[in-house]
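Data first, discussion second: the structure below is written as structure tokens.
The values are calculated or read from the model by the stated rules, or taken from the named source; none is laboratory data. Not measured: the values here are computed from a predicted model. Glycine also receives a Cβ, built like all others from the backbone with ideal geometry; neighbour counts cover every protein chain displayed. The protein model used for the area step is the full one, side chains on, heavy atoms only, and it has no ligands, DNA or RNA in it. Shrake-Rupley method; radii C 1.70, N 1.55, O 1.52, S 1.80 Å.
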Amino acid sequence: MATTRNEQPADTPPQAQGFDLPAFAVQLRRLTGEINRFAHEFASDQGLHATDVQALAAIMDAESPLTPGRLREHLGLTSGAVTACLDRLERAGHIRRARESSDRRVVHLHFLPDARATARAHFLPLARATARAQEGFTPEELRIALRFVGAMGDELERLNRRP
């Protein structure tokens, strides 16, 4: 692949020209890797699979209760794989399934309070590390960083949703 004078691929988007995109990518991978270590350790401690932790995060972060179908779409899994995941999470005491009162066919997934406390205890060192890292930045810099991380998440979600 051809590169420009600053060693960026010639097909790098114009808005990234002049920016050390490879170094940025390395730091994003490093951050993702370190966060994944926490998630995998939590999964291991709880007798869960890594995908189960992704499901828990999706259930916890959802603006309204997820259904198994929406969780399946979010994780990109088969219906059977989601059912097995939810069975494990329910047996481990992390979630409960609740049928919608107006339509008994609709099942909503709820993160249990005790499970939330367990997750908070495990991820407390990550929260503390985040607070320490934030100390070196102004509120405006943090707003910009948050905006970037959100935009990056949106872009990756779009890439993962394409047919």
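Of note:
- Of all residues making up the stretch 76-88, the number that are surrounded by fewer than 17 Cβ atoms within 10 Å (Cβ to Cβ) and in a helix (DSSP H, G or I): 6
- Some residue of the stretch 64-72 being within 18 Å of the chain's Cα centre (by Cα), open to solvent by 70 Å² or more (accessible area, probe 1.4 Å) and over 24 Å from Arg29 (Cα atoms): yes
- Odd one out for Ile144 among (1) under 23 Å from Glu63 (Cβ atoms); (2) within 21 Å of the chain's Cα centre (by Cα): (1)
- If only residues of the stretch 102-130 that are open to solvent by 100 Å² or more (accessible area, probe 1.4 Å) and more than 30 Å from Glu34 (Cβ to Cβ) are counted, the one that is modelled with the highest pLDDT is Arg105.
- Arg143 vs. criteria out of contact with any Cys (no Cβ under 9 Å at 6 or more places or on another chain) and part of a helix (DSSP H, G or I): yes
- Of the set (1) modelled with pLDDT of 95 or more; (2) open to solvent by 60 Å² or more (accessible area, probe 1.4 Å); (3) closer than 25 Å to Asn160 by Cβ, all apply to Gln134 but (3).
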